[in-house]
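Every read-out reported here was derived from the displayed coordinates using simple, explicitly stated rules and does not represent laboratory data. Small disclaimer: the values here were computed from a predicted structure and weren't measured. Here the Cβ positions follow ideal geometry from the backbone for every residue, glycine too, while neighbour counts run over all protein chains shown.
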Amino acid sequence: MAGTAVRGRLTWQSATVGSVTDETHQVRTLLLEVPDWPGHLAGQHVDIRLTADDGYQAERAYSIASAPGEPLAITVERLDDGEVSPYLTEELRPGDSLEVRGPIGGYFVWEPAFGGPLLLLAGGSGVVPLRSMLRCRASAGSSVPARLLYSSRSWEDVIYRAELDGLFDGVEVIHALTRSQPPGWTGYARRVDQQMLAEVAWPVAQQPLAYVCGPTSFVEAVASGLVGLGYPAGRVKTERFGATGQ
Amino acid sequence: MSPISRGFRRKRQEGPAGRVPPGQYVTKDFPVLSAGPTPRTPLANWTFSIDGGREPKSWTWEEFRALPTETLTTDIHCVTRWSKLDTTWQGVSLDVLLAAVEYDARYVLAFCDGGYTTNLPVADLTGGRAWVAFGYDGSPLGAEHGGPARLLVPHLYFWKSAKWVRGLQLRDTDEPGFWENYGYHMYGDPWREQRYAGD
């Protein structure tokens, strides 16, 4: 489990907002220009630090949305009672300054050499690090079979919708819409459950590698569901976010 | 000198003085963070063991629960920046557990169901500062929060309070555990913001 250790000191670096892209009504992707960004792996995260003009500072961690080799990008969901995410999603404009340090984390990562087949399971904005993995797979020209099961409240809440619709060759994207569905929807219209996992998950015999990211309730249900299907616990990597603070 | 983030202002209220380490914010939730599926070990198969002393020592669940317990109220601080104040736990003091073993090691590697490990100095586990906790807020500790039992070392970042703990390995040297291998700090003092290696 060693090998990808981050050993040097992680220092704060100034970053300039390059562009902002609205993904949904409450989710925005920020492209950050960091002159000395050391590069990252798919699935890692980055710390963001904001400084108010009275010197007050706030730090939060965000999953990296871009692939290795691409400029640093984060995708942020606005939590209305949050301190940092409303600023990042509503106030921040190209040219603004903030600080970053990273990349951080070495366990919830995927590299093409890890192989697959790859089973990615996302709840809401948990899709962000998984999108980095899909972009990594594409840019590396990897032929590892990949499936993404992605649970969203509604079609309007699907992050990276156009990209997931067509950009990834050889990736099956299966949506589950839990609250509302567009007219004529024939896909899953419920939360991810054991039956859905059994229908979507690669058979255990293929030695799949699973990455699960989302809110705690989603991750708990999906990870134990995969173990119930016979996935070894060591082949199910999880990342969770609390419903607080970000 | 940090650049000013145009238009950014404090929205959160400051926590009580002296209770919230730098870079942390207070939450009333109890977020969950872990690297893999939640392990579920039947209590009949559960043991807590201390290896690496003169003689190995192990307790079954029944033996462990027969040890003297303490109820304590403390603040906890997660490296992901949430702090939770006045959390109430029930557990067995590490002083009680380590007193059952003869040792002169200076470090431990705590090991857990699911393969998770974390390293700590023995000095941080003694003197009434560390517990193996089995209860939270008057109820059995839930599996997603580390039940049936987790380490509780509240004066260090909370990843050191290893969930699903099954024992300690006494060691002469400080070997990095799971997150420490991925660049997190070897010691993890929240008051000195020791989040990552080199902090």
Which of the following residues is under 18 Å from the mean Cα position of the chain (by Cα) and crowded, with 16+ Cβ neighbours inside 10 Å: A:LEU98, A:LEU120? A:LEU120
What's the number of the only condition in (1) touching a residue at least 24 places away in the same chain (Cβ under 8 Å); (2) among the polar types (S, T, N, Q); (3) more than 9 Å from chain A (Cβ to nearest Cβ) that B:THR38 fails to meet? (3)
Looking only at segment B:1-26, filter to residues that are facing another protein chain (nearest Cβ under 9 Å) and under 16 Å from A:ASP81 (Cα atoms); which one of those is surrounded by the most Cβ atoms within 10 Å (Cβ to Cβ)? B:PHE8
Taking segment A:78-91 and keeping only residues that are closer than 16 Å to A:VAL46 by Cβ and not in a helix (DSSP H, G or I), one is left with A:VAL84
Condition test on B:LEU109, is it of a type in the set (A, V, I, L, M), assigned to a strand (DSSP E or B) and buried (at least 20 other Cβ atoms within 10 Å of the Cβ)? yes
Please work out if A:GLN26 is within 14 Å of chain B (Cβ to nearest Cβ) and surrounded by fewer than 21 Cβ atoms within 10 Å (Cβ to Cβ). no
It is to be established whether one or more residues within segment B:108-131 are within 20 Å of B:LEU170 (Cα to Cα), within 14 Å of another protein chain (Cβ to nearest Cβ) and among the aromatic types (Phe, Trp, Tyr). yes
Single match in A:GLY43, A:GLY69, A:GLY18 (criterion: more than 12 Å from chain B (Cβ to nearest Cβ) and touching a Pro at 6+ places or on another chain (Cβ under 7 Å)): A:GLY18
Tell me, which residue of segment B:56-82 that is out of contact with any helix residue (DSSP H, G or I) (no Cβ under 7 Å at 6 or more places or on another chain) and of a type in the set (Val, Ile, Thr) is surrounded by the most Cβ atoms within 10 Å (Cβ to Cβ)? B:THR80
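Residue by residue, here is whether (1) in contact with a Lys or Arg (Cβ under 9 Å, 6 or more places away or on another chain); (2) assigned to a helix (DSSP H, G or I); (3) more than 14 Å from chain B (Cβ to nearest Cβ); (4) under 22 Å from A:GLU163 (Cα atoms) holds:
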position: A:ARG93; (1), (2), (3), (4): yes, no, no, no
position: A:LEU98; (1), (2), (3), (4): yes, no, no, no
position: A:PRO103; (1), (2), (3), (4): no, no, no, no
position: A:ALA113; (1), (2), (3), (4): no, yes, yes, no
position: A:LEU119; (1), (2), (3), (4): yes, no, no, yes
position: A:VAL127; (1), (2), (3), (4): no, yes, yes, yes
position: A:SER132; (1), (2), (3), (4): no, yes, yes, yes
